[in-house]
Amino acid sequence: MRTPGGGDTYSPPLESALREPSGAGHLPAPGRFQDNLQDLLPTLPNADEYFLLRWLRARNFDLQKSEDMLRKHIEFRKQQDLDNILTWQPPEVIQLYDSGGLSGYDPEGCPVWFDLIGTLDPKGLLLSASKEELIRKRIKICELLLRECELQSQKLGRKIEMVLMVFDLEGFSLKHLWKPAVEIYQQFFAILEANYPETLKNLIVIRAPKLFPVAFNLVKMFMSEETQRKIVILGGNWKQELPKFISPEQLPMEFGGTMTDPDGNPKCLTKINYGGEVPKSYYLRNQVRMQYEHKMTVARGSFVQVENEILFPGCVLRWQFASHGADIGFGVFLKTKTCERKRAGEMVEVLPIRRYKAHLAPEDGSLTCLKPGVYVLRFDNTYSLIHTKKVSYTVEVLLPDKTSEEKIQGLERLRMGTLRMNQEPLREGPAHRSCPMSLLMRSTISGLTYT
């Protein structure tokens, strides 16, 4: 197959694409697969061989597994009313503050979707809309992109069935690791894998922060190995690299292209929603319902400390807690080898103790552990000589994905000019069909590509 300047086709010949990976050379299954699905054919959104091939490839041409997967998808379509989802309008707050947008098309005609995760206000959105509404908005985007592929196929006269996605992580911080927000992305990636197989061309990550390895570790278990192999992380020169995947005239100037709005705005606000902080006037509730793993009683004039051993730097310590009936003090300390006792004054203060009105609204927080050691979460009631406090809490240690952490660090050192990396030309493969491969360099470990 030729790269974009050397040919005008994206999809391989159907007969070739339908051959089983065993190399036996016979056409397997669209016929048999179709026969097994006679009762479903009237309900399928598309019954052509390209559509059926997606499900076969997703299950390595195992007919039974492919059929099971497709039947579950049809049930999902009914539950979510996907035939009518494009006419569904999410709440105003989601329309205004859930970021993202269709910027244009790559050189082979595939739709390009931008997701600006770093600009999202996860807590504001979840206090203003339901989890189900936020996920349904994402499902609607998937259906919108599939329709866009169909329109492109009709326009170009060849099959377009994949989408190029760009995740911009500028501004990504600890607030985006808030557990309810992470759970939405985990659920969404699970939905993608189960219901939209073989539709992702590449997922390009730009401006990845040091927290990215922790975030990736939280969601990668919901991604197939095939999806992980399609993730490309661009380094500090991402503005020079991104136009190699997306034609400059289809790429906003904000992201290294030449496209602007009619009024000259380089961000292309008519195409991409940049999100932002949700005004409190949209809030429907003052808290998100939480489930806690532990309960304890803090006696009057006393305190309780919860220890968490951190073995290496870069981990994130995350907590949520609620008190019952009255406020509670809370702080975080680091117990070093030379500081074996547990008194607050004898430990290194990481987060000063202060009183939280956690009986009115649950508290949550997190911190990046810069040093290994024992981190002590102190629930303090020493100031109350009358009232005993009951506390419900959850504490988690979020580990970084070591491979992506090492490569992010390597890209940063390369950007700063302190490290020269030996690189080899990026070989063309099915996960990178959209870009001029001879122009790129890469380092690939465990499925992730770093450019």
Task: Members of K78/K137; K295/K357; K78/K123 lying beyond 20 Å, as alpha-carbon distances in this model show - done: K78/K123
Task: A358 long-range amide H proximity, modeled H, under 5 Å - done: S323, I328
- [ ] Counting other Cβ atoms within 10 Å, keep those with at most 12, restrict to DSSP loop, and tell me which trypsin sites (Lys or Arg not before Pro) in the range 269-375 are left.
- [x] R285, R289, K337, R341, R343, K357
- [ ] Show which lysines lie in cross-link reach of K72 when reach means a straight Cα distance below 19 angstrom and same-chain residues fewer than eight apart are skipped.
- [x] K140
TODO: Report the one residue of T87, G124, I141 whose Cα lies farthest in the direction of the positive end of the charge dipole of the range 78-148 (charges on C-beta: Lys and Arg +1, Asp and Glu -1; origin at the Cα centre).
DONE: G124
- [ ] Using amide H atoms built 1.01 Å from N in the peptide plane, name the residues 5+ places from V166, or on other chains, whose amide H lies under 5 Å from its own.
- [x] W113, F114, D115, I204
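Measure up K65/K239; K159/K402; K159/K210; K175/K239 against 32 Å on the Cα-Cα distance and list the ones that go over. Could the numbers behind the result be given before it?
Numbers: K65/K239 42 Å; K159/K402 38 Å; K159/K210 39 Å; K175/K239 26 Å.
From the list (K65/K239; K159/K402; K159/K210; K175/K239), the Cα-Cα distance tops 32 Å for K65/K239; K159/K402; K159/K210.
Report the charge-dipole magnitude of the range 294-398 in Debye, nearest 20, computed about the Cα centre from +1 at each Lys and Arg Cβ and -1 at each Asp and Glu Cβ.
Magnitude of the dipole: close to 260 debye.
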- [ ] Quick one: compute the contact order of the range 294-398, relative version, from alpha carbon pairs under 8 angstrom and 6+ residues apart, as a percent.
- [x] 52 percent
- [ ] Name the long-range amide H neighbours of I233: under 5 Å, sequence gap of 5 or more, or other chain; modelled H, no Pro or chain starts.
- [x] V205, T449, Y450, T451
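Only sites in a loop by DSSP and with at most 14 other Cβ atoms within 10 Å count here; which GluC sites (Glu not before Pro) in the range 208-286 make the cut?
Taking the range 208-286 and a limit of 14 other Cβ atoms within 10 Å, the loop GluC sites (Glu not before Pro) found are E277.
Coordinate-derived values only; no laboratory data. Please read all numbers here as calculations on a predicted model, not as lab measurements. Counting neighbours? That spans all protein chains shown, and the Cβs are built from the backbone with ideal geometry, glycine included.
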